[in-house]
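Only the coordinates and a few stated rules stand behind these numbers; no lab work does. It should be emphasised that the depicted structure is a prediction, and the values quoted were computed from it without experimental measurement. All Cβ positions, even for glycine, are placed from backbone atoms using ideal geometry, and neighbour counts span all protein chains on display.
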Amino acid sequence: MHQHTNHDTSTQAMTEVALGLSMAFFSLLILALFSIGLPEQVQKNQPSLTNDEQLKLAGNSEKTSSNKTSNNSKQQYAFYLNGQFYDKQLNPLNSDNFARFETQQPLILAVQDSLPLIQIMALRKQINHPNLSITMLNQKWQTQLEKMQ
């Protein structure tokens with residue numbers, strides 16, 4: 001029996017290159033996932049801020065915002081937790097009170113992170129403010145609001 005010594009090695013080389021590239025992309029994926037989680041750990045080590053300091057920082061960041069409509073516009077805040085609305089001073093609000101918010105100024109509504117998206121969209125429709133932004137409550141605000149209930 002006669003054996004051929006001419007084997008096609010180009011497919012083996014391409015297989016090795018493909019395997020090497022897949023390992024490299026997998027390593028990059030793992031590195032990216034770890035880097036995404038890093039800011040949370042850094043944030044936990046920072047000193048905590050009081051509610052007034054957080055509002056002051058939010059006001060300062062508003063002043064430096066490049067998409068601000070006018071120099072004297074101020075953000076308005078409202079909070080939503082367990083079916084109840086609260087204003088900036090953590091006084092309870094009902095849906096009729098949203099008419100007193102200025103429509104020219106942005107309104108920021110902070111909600112629980114566990115709130116379903118469909119309920120958030122219903123809140124947006126219920127408030128009906130032309131410049132409404134929705135964000136999540138941080139743990140300190142949520143704890144403070146839960147103490148009040």
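Sticking with the crude label model, points 7 Å out along Cα→Cβ, report the distance from Asn91 to Asn138 in nm, one decimal please.
Label at Asn91, label at Asn138, 2.5 nm between them.
Check which residues have an amide H placed less than 5 Å from Ile134's amide H, if you skip close sequence neighbours.
Under 5 Å from the amide H of Ile134 lie the amide H atoms of Leu109, each far enough along the sequence or on another chain.
Each residue of region 80-97 in turn: what ³J(HN,Hα) in whole Hz from Karplus with 6.51, -1.76, 1.60 and θ = phi - 60°, glycine and Pro shown as x?
10, 8, 6, x, 10, 8, 9, 8, 5, 8, 6, 8, x, 10, 10, 5, 6, 6
May I ask you to order 90-100, 106-116, 138-148, 15-25 by the average number of other C-beta atoms within 10 Å around their residues, highest value first?
Highest-to-lowest ranking by the protection proxy: 106-116, 138-148, 90-100, 15-25.
First select every other residue whose beta carbon is under 14 angstrom from the beta carbon of Asn97; then total the charges, Lys and Arg +1, Asp and Glu -1.
-1
If I model a spin label as a point 7 Å beyond the Cα along the Cα-Cβ vector, how far apart are those points for Lys125 and Ser22 in nm?
About 4.7 nm, to one decimal.
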